[in-house]
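Working notes for the structure below.
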Amino acid sequence: MLVGYARVSTQDQDTALQLDALNRAGCGVIFEEKASGASRRGRRELARCLESLKKGDTLVVYKIDRIARSLFDLLDVLRQLERVGATIKSITEPLDTTNAMGVFMIQVLGAVAQLERSMIRERSIAGQLAARERGNMPGRIRALSPEIEAQLVSDYKSGLHTYRGLSLKYDVSISVAKRAVYRVTKPADYRKKGKV
């Protein structure tokens, strides 16, 4: 069975163009949605559409960007389709997993996505190492100066203050007070978690 999915980003946009194309393509069922594509969680009709697909069904869309905002998002949808034995076809683009060439294109896209993930990871690690060599520690800027932080730790060690009391006294969150104390009292544990 051909199952169509049409989406526009806002309530004042119209799905008529997509619906006409999906009807001409022979879709027996069409899911229609007016929702931003920024998050899959907000697209309830897409979730219903994907859940309805069975082995041998073909999901038909006007354009791929109607179901996926990124290559990673597209590959996630394709994995869902593969699990149930369904395929996908775009009316306006050369994506059609009902034939061998379309499947090959998806495999190429998957390899490109994997390469991109690896390159991003390598650049991120290289950037962090370079920053450390320059004396910059990645992460957020500390809320307290080293002197004030030492004073806070000293107050904590006196046993007269709770973390909540310290947070009020130094006008910081409880987690900032805890991190300051942990850096001194549990440095090994703190470094293991990467929170230096």
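The values are calculated or read from the model by the stated rules, or taken from the named source; none is laboratory data. Small disclaimer: the values here were computed from a predicted structure and weren't measured. Cβ: placed from backbone, ideal geometry, glycine included. Neighbour counts: every protein chain shown. The protein model used for the area step is the full one, side chains on, heavy atoms only, and it has no ligands, DNA or RNA in it. Shrake-Rupley method; radii C 1.70, N 1.55, O 1.52, S 1.80 Å.
GLU147 fulfils the conditions (1) in contact with a helix residue (DSSP H, G or I) (Cβ under 6 Å, 6 or more places away or on another chain); (2) surrounded by fewer than 11 Cβ atoms within 10 Å (Cβ to Cβ); (3) acidic (Asp, Glu) except for a single criterion, (1).
Results for (1) farther than 30 Å from LEU74 by Cα; (2) among the β-branched types (Val, Ile, Thr); (3) modelled with pLDDT of 80 or more, shown as yes or no for each residue.
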residue	(1), (2), (3)
LEU95	no, no, no
LEU115	no, no, no
ILE125	no, yes, yes
PRO146	yes, no, yes
GLN151	yes, no, yes
ASP155	yes, no, yes
VAL176	yes, yes, yes
ASP189	yes, no, no
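Any residue at all in the stretch 59-71 that is in contact with an Asp or Glu (Cβ under 7 Å, 6 or more places away or on another chain), on the phi < 0 side of the Ramachandran plot and surrounded by 12 or more Cβ atoms within 10 Å (Cβ to Cβ)? Within the stretch 59-71, one or more residues are in contact with an Asp or Glu (Cβ under 7 Å, 6 or more places away or on another chain), on the phi < 0 side of the Ramachandran plot and surrounded by 12 or more Cβ atoms within 10 Å (Cβ to Cβ). Across the stretch 104-112, a minimum of one residue is classified as within 22 Å of the chain's Cα centre (by Cα) and in contact (Cβ under 8 Å) with a residue 40 or more places away in the chain. Of the strands (runs of 3 or more DSSP E) lying entirely inside the stretch 1-98, those carrying at least 3 residues that are not hydroxyl-bearing (Ser, Thr, Tyr) are 2-8, 29-34, 58-61.
For (1) surrounded by 11 or more Cβ atoms within 10 Å (Cβ to Cβ); (2) touching a Cys at 6+ places or on another chain (Cβ under 8 Å); (3) in contact (Cβ under 8 Å) with a residue 40 or more places away in the chain, each residue gets a yes or a no:
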site: VAL77; (1), (2), (3): yes, no, no
site: GLY85; (1), (2), (3): yes, no, no
site: PRO94; (1), (2), (3): no, no, no
site: GLU116; (1), (2), (3): yes, no, yes
site: ILE120; (1), (2), (3): no, no, no
site: ARG142; (1), (2), (3): yes, no, no
site: VAL153; (1), (2), (3): yes, no, no
site: THR162; (1), (2), (3): yes, no, no
site: LYS178; (1), (2), (3): yes, no, no
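The single residue among ARG69, ARG79, ARG121 that is closer than 29 Å to ARG48 by Cα, among the charged types (D, E, K, R) and at pLDDT 80 or above turns out to be ARG79. If only residues of the stretch 122-140 that are in a loop (DSSP other than H, G, I, E, B) and not aliphatic (A, V, I, L, M) are counted, the one that is most open to solvent (accessible area, probe 1.4 Å) is ARG140.
Being exposed (fewer than 15 other Cβ atoms within 10 Å of the Cβ) and closer than 23 Å to LEU22 by Cβ is not true of LYS89.
Name the single residue that is nearest to ALA143 (Cα to Cα) among those in the stretch 164-176 being in a helix (DSSP H, G or I) and touching a residue at least 24 places away in the same chain (Cβ under 8 Å). Before you say what the answer is, go through the steps one by one.
Going through the stretch 164-176, the residues in a helix (DSSP H, G or I) turn out to be 164-170, 174-176.
Subsequent filtering for residues that are touching a residue at least 24 places away in the same chain (Cβ under 8 Å) retains 170, 176.
Numbers: TYR170: 10, VAL176: 7 Å.
The selected residue is VAL176.
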